[in-house]
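The values are calculated or read from the model by the stated rules, or taken from the named source; none is laboratory data. Note that this is a predicted model, so its numbers are computed, not measured. Neighbour counts run over all protein chains shown; Cβ positions are idealised from the backbone, glycine included. Heads up: the accessible areas ignore ligands, DNA and RNA and are worked out on the full protein's heavy atoms, side chains in. Shrake-Rupley method; radii C 1.70, N 1.55, O 1.52, S 1.80 Å.
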Amino acid sequence: MNFINLNAQYKIIEEKVNKNILSVFQSGAFIGGSFVAELEEKLAAYTGSKHCISCASGTDAIILSLMAGGIKAGDEVITTPFTFIASAEVISLIGAVPVFVDIEEGSYNIDANKIKAAITEKTKAIVAVSLFGQCADMDAINAVADEHGLLVIEDAAQSFGAEYKGRKSCALSKLGTTSFYPSKPLGAYGDGGAVFTDDDELDRLLRILKNHGQSGRYVHEYIGMNSRLDAVQAAILLTKFELFDDELKKREEAAALYAELLGDLDISLPTINKDRKSVYAQYSVRVKDRDGFAKRMKDEGIPTAIHYPIPLNKQKVYSKYSSTKMPVAEKVSSEIISLPFSPYISKDEQKQVAQAAAKSLISS
Ligand SMILES: *Cc1c(COP(=O)(O)O)cnc(C)c1O
């Protein structure tokens, strides 16, 4: 059994994706060009954002957003300790200071009620992460931010397509960023990312910053970077995007079946807030004796993954935060485990996972 079945998807789109890739090779436009423009237009419309600015990765999308938002060295940026390192790494990379705020026990996203206490005179922005496919409580986060004049970036690397109060992830704050890393809900066959915004000035700035700060050919107005999306990846993404809504339905169905199959076991299932629709970037549950459980699942032939075993405040690279207590994130990190999941997981495979889980729990 695969942890994520990307091959099943390729089989469906094989002919069309091969044809699109070939047409990029024949066009001679390898960076930018019509496929990239078409993708940006479609994704902007899909999320309900005025602008989509493609770039080289989800990590770059956050860096570019921080730069466009005027975040500078020494500024404090609030974020969650329970995420992939990229969300905080980019803050450090531009010389700003990540300030961790603990998560909610239900959604695993930053706890908006705890943000206010972390705000100082130096705080300039909040990077909220919509983890495992479920949006953070963006209205509550925007409300605190507005009170203090802070920029809000939604790191929607795992939540492209998710809904929050009827609106789409990526369009829930001043800036939204996503990733097209292959295993993300909308994944390319390589790296890619995008920023979303309604703000014309930020759109202009982001396009300049992602292309060496050039406001015109060889006219450099800012210090920028090389972060453009390859035409091949755009052509692949356009093909995959045609399947996307159907895949989201399949993800919901598979999540519902897991909930049914695992419902009676001593496992904490994902809790999705009533005002939200998750895209289940991961199907992550919580169990006691997680490491023992993972080992027994492996013995049963079931691959699992741990997103994420160490909260960022306990990472070596952030040792200066080691005395910072993030009780919820620390507890969740010790219990979380992701089960095999993709739009193409079969019912039989899910039953196999559930049977193995029942066995792996009993022997604990
Ligand atoms: C994957 C991911 C990123 C980084 O995206 P890349 O495209 O791999 O650079 C950032 N934040 C979160 C929460 C992610 O899961």
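Observations on the structure shown:
- Other residues within the sphere of radius under 11 Å centred on the Cβ of SER87, judged by their own Cβ, net out at -3 (K and R +1, D and E -1).
- Straight-line reach from LYS16: taking Cα to Cα under 12 Å and skipping same-chain neighbours fewer than 8 places apart, the aspartates and glutamates in range are GLU242.
- Measuring between their Cα centroids, region 202-251 and region 1-67 lie 8 Å from each other.
- Helix runs (DSSP H) in the chain reaching 24 Å along axis by Cα, Kyte-Doolittle at least -0.5: 6-27, 231-262
- Rounded Å value of the spacing that divides the Cα centres of region 268-304 and region 99-145: 23
- The chain: antiparallel DSSP beta bridges as a percent of all, rounded to 5: 60
- For region 167-218, trypsin sites (Lys or Arg not before Pro) are listed when DSSP marks them as loop and at most 13 other Cβ atoms sit within 10 Å of their Cβ; the list is ARG217.
- Greater than 25 Å apart at Cα, pairs in LYS165/LYS288; LYS274/LYS298; LYS122/LYS331; LYS11/LYS250: LYS165/LYS288; LYS274/LYS298; LYS122/LYS331
- Of the solvent-accessible surface of the chain, computed with a 1.4 Å probe and all protein chains present, 52% belongs to carbon and sulfur.
- Taking the average, over residues, of other Cβ atoms within 10 Å as the packing measure, peptides 148-158, 105-115, 242-252 rank 148-158, 105-115, 242-252 from highest down.
- Whichever aspartates and glutamates have a C-alpha closer than 12 Å to that of LYS325, once near sequence neighbours (fewer than 8 apart) are set aside: ASP102
- Burial order of peptide ranges 61-73, 222-234, 289-301 (average beta-carbon count within 10 Å, highest first): 61-73, 222-234, 289-301
- With the biggest extent put first, the Cα atoms of region 278-347 measure 45, 28, 20 Å across the principal axes.
- By the Kirkwood approach, averaging reciprocal distances over each pair of separate Cα atoms, region 212-331 gets a hydrodynamic radius of 19.2 Å.
- Only the Cβ atoms of Lys and Arg (+1) and of Asp and Glu (-1) were treated as charged; on that basis the dipole of the chain about its Cα centre amounts to roughly 560 debye.
- Using the Cβ-Cβ distance between ILE85 and GLN26 with R0 = 35 Å, the FRET efficiency computed as 1/(1 + (r/R0)^6) comes to roughly 0.35.
- Here region 8-101 is treated with +1 on each Lys and Arg Cβ and -1 on each Asp and Glu Cβ, and its dipole about the Cα centre works out to around 200 debye.
- Under the convention that each Lys and Arg Cβ holds +1 and each Asp and Glu Cβ holds -1, the size of the dipole of region 78-203 around its Cα centre is about 200 debye.
- Full extension of the segment from GLU121 to ASP264, taken as 0.36 nm per residue of separation minus the current Cα-Cα distance, would add 46.6 nm.
- Other residues within the sphere of radius under 10 Å centred on the Cβ of LYS122, judged by their own Cβ, net out at -2 (K and R +1, D and E -1).
- For the chain, the per residue solvent-accessible surface stands at 43 Å², with DNA, RNA and ligands left out and a 1.4 Å probe.
- Across all directions, the average flat footprint of the convex hull enclosing the Cα atoms of the chain is 18.1 nm².
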